[in-house]
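Notes for the one structure printed next.
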Amino acid sequence: MRCLTAALVLAMTVSGAARAEPLFAARTGLGCASCHLNRTGGGGRTAYGAGYGAQTLPWKKLPGERDLFGGAIGERVRVGLDARGGYLATFRDRGPYIGEAKLSEADVDLAVDLLKDVLLIYVGEHVAPGGASSREVFALYTIDRAGFYVKGGKFYLPFGLRFQDDEAATRRATGFTFETADVGAEVGADDGRWSTALSVTNGTSGGAEGDNGKQYSWTGIRVFSLGRFGLSFSTNDLPGSAHRTVAGAFGTYRAGPVVVLAEADVVHDNDGTNPQRRGGAGHVELDALAHAGLTLRAFAGASDLDRNDGVARLTQWGAGVDWTPLPGLQIRGLYRARNGPSSVPGARDDQATVEAHVYF
């Protein structure tokens with residue numbers, strides 16, 4: 001009965017796109033920096049990214065006099081908005097069904113080109129839910145040679161495929177989510193075929209530093225005509241003798257209207273006291289473009305952060321439909337099934353989501 005109810009909820013919904021930016025990069029053959037002000041993806045949109053969301057992504061294109069506001073205020077100032085809200089149904093393994101009307105995101109972005117195409121100031125502010133907080137605040141200095149840049153401030157760290165879905169197995173297990181921007185500096189380069197980025201940050205997910213240990217994160221990507229392949233590595237010196245190392249490989253492949261996205265990571269945790277933990281996570285996703293503005297999606301993932309503790313791994317699979325009926329409006333429907341040890345809260349709770357996304 002639980003699965004039947006979830007299926008009916010899903011069948012009555014369609015879903016908003018722009019969740020998984022790696023999907024759009026795979027479709028266009030471009031890098032993250034083409035659509036996002038953060039050169040490694042996420043956050044505010046560039047002029048091209050705004051144009052893609054207004055002109056290429058939607059099911060229905062509007063005439064010029066009714067075109068979506070692209071965020072440009074003059075030549076050197078850009079603003080942006082992402083607001084998401086809807087209904088979340090949780091089918092609990094133990095306990096009653098929970099239905100929740102939810103405002104999941106309200107973010108605003110501001111970018112100022114202090115020196116045109118050379119020095120950019122970017123602020124990404126989370127407004128709701130909860131109190132206001134800064135997602136990203138950084139200065140970006142670009143040199144017109146092999147796409148070289150230097151960035152300093154608070155930003156998302158370069159690692160793996162930056163899925164919008166923070167509950168994807170590789171995002172949650174590695175800790176590289178949209179909740180964990182950090183403070184430091186980053187250098188990188190992107191010539192269109194090869195890209196790389198190296199950051200040095202506090203390793204506290206934006207919190208105050210407690211010692212002299214730092215987190216080093218690196219990613220390197222090679223773009224091909226039908227996809228891309230990348231490697232990532234991160235090491236974090238935690239307080240005391242604790243330490244965390246994460247490494248992984250990821251890639252995308254495009255075959256006509258179908259895109260495959262995959263990532264596999266290994267995780268090594270040492271808290272300085274207990275035996276070291278070794279584990280990993282994986283995620284694979286299949287996205288099919290059924291019509292302009294309409295994407296069918298299926299995914300599966302698993303994570304196990306300690307292969308020797310005798311506890312079963314966490315697994316999940318899901319399916320959904322992403323629909324962008326008009327520029328600036330997206331609707332999302334998604335069903336996620338989970339399975340894991342009963343000792344982990346929520347490990348066996350399935351979810352169905354209906355969500356509207358308003359953006360520019």
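Out of curiosity, is LEU120 out of contact with any Cys (no Cβ under 7 Å at 6 or more places or on another chain), assigned to a strand (DSSP E or B) and surrounded by fewer than 17 Cβ atoms within 10 Å (Cβ to Cβ)?
Numbers: out of contact with any Cys (no Cβ under 7 Å at 6 or more places or on another chain): yes; assigned to a strand (DSSP E or B): yes; surrounded by fewer than 17 Cβ atoms within 10 Å (Cβ to Cβ): no.
The answer is no for LEU120.
Quick grid of which residues meet (1) under 18 Å from the mean Cα position of the chain (by Cα); (2) under 30 Å from ALA347 (Cβ atoms); (3) of a type in the set (A, V, I, L, M, F, W, C):
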position	(1), (2), (3)
ALA26	yes, no, yes
ARG39	yes, no, no
GLU75	no, no, no
GLY86	no, yes, no
ASP109	yes, no, no
LEU114	no, no, yes
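Taken together, the criteria place ARG307 among residues that are farther than 28 Å from ARG84 by Cβ and not in a strand (DSSP E or B). When we screen LEU140, LEU68 for residues that are assigned to a loop (DSSP other than H, G, I, E, B), open to solvent by less than 50 Å² (accessible area, probe 1.4 Å) and either touching a helix residue (DSSP H, G or I) at 6+ places or on another chain (Cβ under 9 Å) or over 30 Å from SER343 (Cβ atoms) (or both), the only hit is LEU68.
Within the stretch 338-356, can you find the residues that are in a strand (DSSP E or B) and in contact (Cβ under 8 Å) with a residue 40 or more places away in the chain? Scanning the stretch 338-356 gives ASP350, GLN351, ALA352, THR353, VAL354, GLU355, ALA356.
Of all the residues that make up the stretch 1-30, how many are under 22 Å from GLY147 (Cβ atoms) and modelled with pLDDT of 80 or more?
The total comes to 8.
Of the listed requirements (1) of a type outside the set (Val, Ile, Thr); (2) modelled with pLDDT under 95; (3) open to solvent by 10 Å² or more (accessible area, probe 1.4 Å), ALA288 misses just one: (2). Residues considered: GLY210, GLY248, GLY203, GLY188. Of these, the only one that is under 30 Å from LEU289 (Cα atoms) and not aromatic (Phe, Trp, Tyr) is GLY248. Tell me, please, whether a residue that is assigned to a strand (DSSP E or B), within 21 Å of the chain's Cα centre (by Cα) and either closer than 30 Å to ASP309 by Cα or at pLDDT 95 or above (or both) can be found in the stretch 203-214. For the stretch 203-214, residues assigned to a strand (DSSP E or B), within 21 Å of the chain's Cα centre (by Cα) and either closer than 30 Å to ASP309 by Cα or at pLDDT 95 or above (or both): absent. For the stretch 236-259, a residue qualifies if it is farther than 29 Å from LEU57 by Cα and either outside any strand (DSSP E or B) or more than 20 Å from the chain's Cα centre (by Cα) (or both), and the qualifying residues are ASN236, ASP237, LEU238, PRO239, GLY240, SER241, ALA242, HIS243, ARG244, THR245. With respect to the conditions (1) over 17 Å from the mean Cα position of the chain (by Cα); (2) farther than 15 Å from GLY328 by Cβ, LEU62 falls short on a single one, namely (2). For the stretch 315-330, filtered to residues that are at pLDDT 95 or above and hydrophobic (A, V, I, L, M, F, W, C), the residue that is most open to solvent (accessible area, probe 1.4 Å) is TRP317.
Among the residues of the stretch 291-310, count how many are open to solvent by 30 Å² or more (accessible area, probe 1.4 Å) and in contact with a strand residue (DSSP E or B) (Cβ under 8 Å, 6 or more places away or on another chain). Spell out the reasoning first.
Looking only at the stretch 291-310, we keep the residues that are open to solvent by 30 Å² or more (accessible area, probe 1.4 Å), and these are 291-292, 294, 296, 298, 300, 304-305, 307-310.
Next, from what is left, pick out any that are in contact with a strand residue (DSSP E or B) (Cβ under 8 Å, 6 or more places away or on another chain): 294, 296, 298, 300, 304-305, 307-309.
Residues flagged as open to solvent by 30 Å² or more (accessible area, probe 1.4 Å) and in contact with a strand residue (DSSP E or B) (Cβ under 8 Å, 6 or more places away or on another chain) within the stretch 291-310 amount to 9.
Screening the stretch 123-137 for residues that are touching an Asp or Glu at 6+ places or on another chain (Cβ under 9 Å) and outside any strand (DSSP E or B) and picking the one that is nearest to LEU37 (Cα to Cα) gives ALA132.
The residue of the stretch 75-114 that is modelled with the lowest pLDDT, among those that are assigned to a loop (DSSP other than H, G, I, E, B) and open to solvent by 60 Å² or more (accessible area, probe 1.4 Å), is ARG94.
Tallying residues that are more than 30 Å from LEU114 (Cα to Cα) and open to solvent by 50 Å² or more (accessible area, probe 1.4 Å) within the stretch 51-61 yields 3. Considering only residues that are over 13 Å from GLU136 (Cβ atoms) and either crowded, with 19+ Cβ neighbours inside 10 Å or touching a helix residue (DSSP H, G or I) at 6+ places or on another chain (Cβ under 8 Å) (or both), which ones fall in the stretch 173-195? If the condition is that a residue be over 13 Å from GLU136 (Cβ atoms) and either crowded, with 19+ Cβ neighbours inside 10 Å or touching a helix residue (DSSP H, G or I) at 6+ places or on another chain (Cβ under 8 Å) (or both), then ALA173, THR174, PHE176, THR177, GLY188, ASP190, SER195 are the ones that fit. If THR273 meets every condition in (1) without any contact (Cβ under 8 Å) to a residue 24 or more places away in the chain; (2) in contact with a helix residue (DSSP H, G or I) (Cβ under 9 Å, 6 or more places away or on another chain) apart from one, which number is that one? Result: THR273 fails condition (2) only. Of all the listed residues (ALA302, ALA262), the sole one being over 17 Å from the mean Cα position of the chain (by Cα), of a type in the set (Gly, Ala, Ser) and assigned to a strand (DSSP E or B) is ALA302.
The values are calculated or read from the model by the stated rules, or taken from the named source; none is laboratory data. Keep in mind it's a predicted model, so treat the numbers as computed, not measured. Note that we place each Cβ from the backbone using ideal geometry, even for glycine, and neighbour counts take in every protein chain shown. Side chains are part of the model used for accessible areas, which takes the heavy atoms of the whole protein and leaves out ligands, DNA and RNA. Shrake-Rupley method; radii C 1.70, N 1.55, O 1.52, S 1.80 Å.
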